[in-house]
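To start, I am sharing the structure in question, which I have written as structure tokens.
Read-outs throughout are calculated quantities, based only on the coordinates presented, and are distinct from any laboratory measurement. Quick caveat, the model's predicted, so the values are computed rather than measured. As a convention, Cβ positions derive from the backbone with ideal geometry for all residues, glycine included, and neighbour counts pool all protein chains shown.
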Amino acid sequence: MNAHVRPATSNSSAEWQARVDLAACYRLAAHFGLNEGIDNHLTLMVPGYEDRFLLVPFGLHWSEVKASDFLVIDFAGRVLAGSGAVEDTALYIHLPVHRSSARARCVLHTHMPYATALTMLEEPRLEMAVQSALMFADDIAYVDYNGLAFDAGEGERLARALGEKSVLFMRNHGVLVIGASVPEAFERLYFLERAAQAQILARSTGLPLRPVDERIVRATVAQFGAGGTVGGRDRAELHFEALKRLLDRTHADYAS
């Protein structure tokens, strides 16, 4: 699907900040090797609206995405601002997820290596065997592979499978993570990949995993909730701001 050419305008400072944060998310995903060529998609609802989201035009490498690049897409699939091509699977995966959940302000779909490797296994579960995995206890849904998302029905199927969870393991495909903000979603994406990496490395020893006791898992989940702020600031926001400072030193053009 090709978008008509329109100015990529931002009608508010909140929208521009959203664009900057989403561009940073693309750059950081590339920095950490979470991308796969020019495929996969990271999207964000436009602040002040419940029926439109930001999507990068297809063809850009994640390491070159800028705040001014984004298209604005409404829930009818129409391009309201920006120019460039809308890739079908981006539209059909992200639109239904955004529409189905108020929590899905930011939707990140990647084929990041270690988490995707888990989706290839007969039993793809993220094991509660390392601290970074515990934040995902009871928060991961699983769905079988059904080919490319070339129609709205496939996106609706994925949205239903996600349900009230924050993470969807798409078997034989990749992962999808949602959050109420870019920092929250990226925090989950980052630590999901780290937990998957630790699990695969541990499994590679050929020795059995030692799961965390269920009682300790529950207690730690509560601790994660209680420790969500540091010095009165949200931990995920502090993490994302630190990562953006990295970009400011190395890829400052993301904010243009």
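Show me, for region 33-48, the HN-Hα J-couplings you get by feeding each phi into the Karplus relation (A = 6.51, B = -1.76, C = 1.60, θ = phi - 60°), rounded to Hz, glycine and proline as x.
x, 8, 8, 9, x, 9, 8, 6, 8, 10, 10, 8, 5, 6, x, x
For the chain, what number results from the quotient of the Cα radius of gyration and 2.2 N^0.38 Å?
Ratio of Cα Rg to 2.2 N^0.38 Å: 1.00.
Still on this structure, please answer the following. 7 Å from Cα along Cα→Cβ at both residue 234 and residue 144: what's the point-to-point distance in nm?
3.7 nm
I would also like to ask the following. About the Cα centre of region 114-256, how large is the charge dipole given +1 on each Lys and Arg Cβ and -1 on each Asp and Glu Cβ? Please answer in debye to the nearest 20.
420 debye
Want the number for residue 137 to residue 242: 0.36 nm per residue separation, take away the alpha-carbon distance, what's left? Intermediate values should be presented prior to the final figure.
On the way: separation 105, 0.36 × 105 = 37.80 nm, distance 2.62 nm.
Taking 0.36 nm per residue and subtracting the Cα distance, the gain is 35.2 nm.
Scanning the chain for GluC sites (Glu not before Pro) in DSSP loops with at most 16 other Cβ atoms within 10 Å, what's the longest stretch left with none?
Working: sites that count: 50, 122, 164.
That gives 165-256 as the longest site-free run.
Now a separate question. Set the Förster radius R0 to 51 Å, insert the Cβ-Cβ distance between residue 253 and residue 207 as r into 1/(1 + (r/R0)^6), and round the FRET efficiency to 0.05.
That gives a FRET efficiency of 0.65.
Tell me, what is the percent relative contact order of region 141-244, built from C-alpha pairs under 8 Å that lie six or more residues apart? Please list the in-between numbers first.
Details: 64 pairs, mean separation 21.9, N = 104.
Here the relative contact order equals 21 percent.
Pairs of alpha-carbon atoms within less than 8 angstrom and 6+ residues apart define the contacts here; what relative contact order does the chain have, in percent?
Relative CO of the chain lands at 22 percent.
Label-point separation (nm) for residue 83 and residue 122, each offset 7 Å from Cα along Cα-to-Cβ?
The two pseudo-label positions are separated by 5.4 nm.
To the nearest 20 debye, what is the magnitude of the charge dipole of the chain about its Cα centre, counting +1 on the Cβ of each Lys and Arg and -1 on the Cβ of each Asp and Glu?
Around 460 debye, computed over the chain.
Please compute the modelled spin-label separation between residue 218 and residue 13, points set 7 Å along Cα→Cβ, answer in nm with one decimal.
For the pair residue 13/residue 218, the computed spacing is 4.7 nm.
Helix 214-226 sits at what angle to the longest principal axis of the chain, using alpha carbons and giving 0 to 90 degrees rounded to 10?
Compared with the principal axis, the helix lies near 40 degrees.
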